[in-house]
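Student: Supplied in structure tokens, the structure appears directly below.
The values are calculated or read from the model by the stated rules, or taken from the named source; none is laboratory data. These numbers were taken from a predicted model, which means no experiment stands behind them. Positions of Cβ are generated from backbone atoms using ideal geometry, with glycine treated the same way; all protein chains shown enter the neighbour counts. Accessible surface is based on the protein model in full, side chains and every heavy atom, while ligands, DNA and RNA are left aside. Shrake-Rupley method; radii C 1.70, N 1.55, O 1.52, S 1.80 Å.
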Amino acid sequence: MSKAQTLRTAAQIVDAGFAPTENRDVLDAVAARYAVALPPVLAGLIDRNDPHDPIARQFVPDIAELDHRAEELDDPIGDDAHSPVEGIVHRYPDRVLLKLTHVCAVYCRFCFRREMVGPDKPNALSRDALEAALDYIRVQPQIWEVVLTGGDPLVLSARRLRAVMKALGSIDHVKVVRIHTRMPVADPARISPDLVRAMKIKGKAVYVAVHVNHARELSSATRSAIARLADAGLPLVAQTVLIAGVNDSAEAMSALMRALVECRVKPYYLHHGDLAPGTSHLRTDITTGQNLMRELRGRLSGLCQPTYVLDIPGGHGKSPIGPSYLERDGDRTVVEDFNGKRHTYSAG
Ligand code: SF4
């Protein structure tokens with residue numbers, strides 16, 4: 001039996017039964033604009049009988065992606081405005097993004113960097129460009145944290161990743177390296193013992209931020225991959241994107257947050273959907289996100305609470321946009337409890 005392959009074209013998606021035949025030509029146009037990759041592990045999680053399947057909604061291309069809205073932006077979080085050298089985004093004083101590659105194991109249909117990621121984009125930083133990016137970090141003593149992102153940095157071989165981690169490990173002022181990845185979900189077998197060893201740097205804190213949007217993404221293979229990271233002593237946090245029809249219900253979001261914590265992954269950010277082109281069908285409004293956060297606060301442990309954030313379009317950074325539980329009423333301070341009851345706080 002031949003090994004299942006990643007589906008990369010509209011024809012393959014249609015032939016595998018994930019989209020109707022009559023959509024094939026339009027999906028060709030979608031795939032020509034935005035990269036497609038549906039790896040076997042994720043394809044295997046899709047229920048073909050469910051037209052609203054939350055896995056399919058995230059990864060199977062949709063004709064709605066050709067609906068571009070005036071407010072949508074090619075670079076919705078404004079990376080380019082803060083890129084002093086190729087591969088670096090320096091938006092906040094004490095940390096930088098280091099984008100090692102434009103390739104991912106899966107292409108999320110809501111991706112905020114969808115205009116920049118894909119196999120037809122430059123594959124990885126050239127050796128010289130990587131050296132220039134590392135030089136930039138070396139001469140900026142205020143850089144305390146380096147975030148490896150992309151694309152997905154874990155598409156790199158263990159050998160290449162080890163070389164980058166070693167270079168970062170030799171910079172005294174860099175104390176923390178964070179690796180942003182979807183690999184444990186998209187291709188859990190890639191999280192091999194060798195790759196895990198390559199991620200560690202003696203004397204530095206290395207965090208892994210894994211991107212997960214629905215509890216069903218946490219298959220047994222994904223849970224094992226996450227366990228390999230946790231058992232190696234790498235602290236894990238989760239990033240989740242709020243997506244209409246995927247996790248915009250209290251049930252779906254609660255199940256995800258609990259499942260993450262059970263896997264030893266601390267929910268970190270819940271991102272409001274960015275204004276990426278062709279993604280309006282996947283965005284909610286902010287009120288929906290705030291109501292969800294209230295429901296989480298009422299029903300789940302503090303460990304299960306992410307911070308709901310908006311990346312302000314134009315490159316102005318993230319701001320927390322969750323509900324407020326505190327109100328000033330003249331001289332009184334009023335605070336709301338997890339049941340929605342209000343109390344006066346008399347100490348100011
Ligand atoms: S894994 Fe991340 S960078 Fe890659 S397509 Fe998904 S959201 Fe975009």
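Student: Quick check, is residue 241 of a type in the set (A, V, I, L, M, F, W, C), out of contact with any Gly (no Cβ under 8 Å at 6 or more places or on another chain) and buried (at least 19 other Cβ atoms within 10 Å of the Cβ)? Step through it out loud before you land on a result.
Tutor: On the way: of a type in the set (A, V, I, L, M, F, W, C): yes; out of contact with any Gly (no Cβ under 8 Å at 6 or more places or on another chain): no; buried (at least 19 other Cβ atoms within 10 Å of the Cβ): yes.
No, not satisfied.
Student: Return the residues of region 297-312 that are assigned to a helix (DSSP H, G or I), open to solvent by less than 40 Å² (accessible area, probe 1.4 Å) and modelled with pLDDT of 95 or more; say none if nothing qualifies. Write out each step before concluding.
Tutor: First, pick out the residues of region 297-312 that are assigned to a helix (DSSP H, G or I): 297-299, 302-304.
Narrowing further to those that are open to solvent by less than 40 Å² (accessible area, probe 1.4 Å): 298, 304.
Once the filter is applied, which keeps residues that are assigned to a helix (DSSP H, G or I), open to solvent by less than 40 Å² (accessible area, probe 1.4 Å) and modelled with pLDDT of 95 or more, region 297-312 yields only 304.
Student: Which residues, counting only those in region 255-300, are farther than 27 Å from residue 75 by Cβ and of a type in the set (Val, Ile, Thr)?
Tutor: The answer is 261, 265.
Student: Specify the residue that is modelled with the lowest pLDDT; the eligible residues are those in region 313-327 that are closer than 27 Å to residue 93 by Cα and not in a loop (DSSP other than H, G, I, E, B).
Tutor: This residue is 318.
Student: Please find, within region 84-121, the residue that is farthest from the ligand (Cβ to nearest atom) out of those that are among the acidic types (Asp, Glu) and over 24 Å from residue 144 (Cα atoms).
Tutor: Restricting attention to region 84-121, the residues satisfying the condition of being among the acidic types (Asp, Glu) are 86, 94, 115, 120.
If we keep only those that are over 24 Å from residue 144 (Cα atoms) too, we end up with 115, 120.
On the way: 115: 11, 120: 14 Å.
Looking at residues that are among the acidic types (Asp, Glu) and over 24 Å from residue 144 (Cα atoms), I get 120.
Student: Could you grab me the full set of residues in region 112-147 that are β-branched (Val, Ile, Thr) and closer than 13 Å to residue 97 by Cβ?
Tutor: Taking region 112-147 as the starting set, the residues that turn out to be β-branched (Val, Ile, Thr) are 117, 137, 139, 143, 146-147.
Scanning region 112-147 gives 137, 143, 146, 147.
Student: Does residue 133 fit the bill of being touching a residue at least 24 places away in the same chain (Cβ under 8 Å), crowded, with 20+ Cβ neighbours inside 10 Å and more than 14 Å from the ligand (Cβ to nearest atom)? Steps first, answer last, please.
Tutor: Numbers: touching a residue at least 24 places away in the same chain (Cβ under 8 Å): yes; crowded, with 20+ Cβ neighbours inside 10 Å: yes; more than 14 Å from the ligand (Cβ to nearest atom): yes.
Criteria met by residue 133.
Student: Of all residues in region 186-203 being within 16 Å of the ligand (Cβ to nearest atom) and among the aliphatic types (A, V, I, L, M), which is surrounded by the most Cβ atoms within 10 Å (Cβ to Cβ)? Break it down stepwise before answering.
Tutor: Kept after step one, since they are within 16 Å of the ligand (Cβ to nearest atom), are these residues of region 186-203: 186-188, 190-191.
Filter once more, so that each one left must be among the aliphatic types (A, V, I, L, M): 186, 191.
Numbers: 186: 27, 191: 25.
Filtering region 186-203 for residues that are within 16 Å of the ligand (Cβ to nearest atom) and among the aliphatic types (A, V, I, L, M), the one surrounded by the most Cβ atoms within 10 Å (Cβ to Cβ) comes out as 186.
Student: May I ask you to verify whether residue 147 is surrounded by 20 or more Cβ atoms within 10 Å (Cβ to Cβ) and away from the ligand (no atom under 12 Å from the Cβ)?
Tutor: Numbers: surrounded by 20 or more Cβ atoms within 10 Å (Cβ to Cβ): no; away from the ligand (no atom under 12 Å from the Cβ): yes.
No; evaluated as a whole, the condition is false for this residue.
Student: Moving to a separate point now. Report, by residue number, each residue of region 34-83 that is of a type in the set (S, T, N, Q) and assigned to a loop (DSSP other than H, G, I, E, B). Can you show your working first?
Tutor: The first filter runs over region 34-83 and keeps only residues of a type in the set (S, T, N, Q), leaving 49, 58, 83.
Residues satisfying the conditions are 49, 83.
Student: Which residue out of 221, 250, 198, 244 is of a type in the set (A, V, I, L, M) and within 22 Å of residue 303 (Cβ to Cβ)?
Tutor: One residue alone meets the criteria, 250.
Student: Within region 30-40, how many residues are open to solvent by 50 Å² or more (accessible area, probe 1.4 Å) and either in contact (Cβ under 8 Å) with a residue 40 or more places away in the chain or in contact with a helix residue (DSSP H, G or I) (Cβ under 8 Å, 6 or more places away or on another chain) (or both)?
Tutor: Total satisfying the criteria: 1.
Student: Just one of 137, 88 is of a type in the set (A, V, I, L, M, F, W, C), closer than 24 Å to residue 311 by Cβ and over 21 Å from the mean Cα position of the chain (by Cα); which is it?
Tutor: Working: 88 fails: over 21 Å from the mean Cα position of the chain (by Cα).
From the options 137, 88, the qualifying one is 137.
Student: Sticking with this structure for a sec: Within region 259-296, can you find the residues that are part of a loop (DSSP other than H, G, I, E, B) and touching a Ser or Thr at 6+ places or on another chain (Cβ under 9 Å)? Give the steps one after another, and end with the answer.
Tutor: Keep residues of region 259-296 that are part of a loop (DSSP other than H, G, I, E, B), which gives 263-264, 272-279, 283-285.
Across region 259-296, the qualifying residues are 263, 272, 273.
Student: For region 98-113, indicate whether the set of residues that are of a type in the set (S, T, N, Q) and surrounded by 22 or more Cβ atoms within 10 Å (Cβ to Cβ) is non-empty. Break it down stepwise before answering.
Tutor: Initial filter on region 98-113 (of a type in the set (S, T, N, Q)): 101.
Applying the additional criterion that residues be surrounded by 22 or more Cβ atoms within 10 Å (Cβ to Cβ) yields 101.
There is at least one residue in region 98-113 that is of a type in the set (S, T, N, Q) and surrounded by 22 or more Cβ atoms within 10 Å (Cβ to Cβ).
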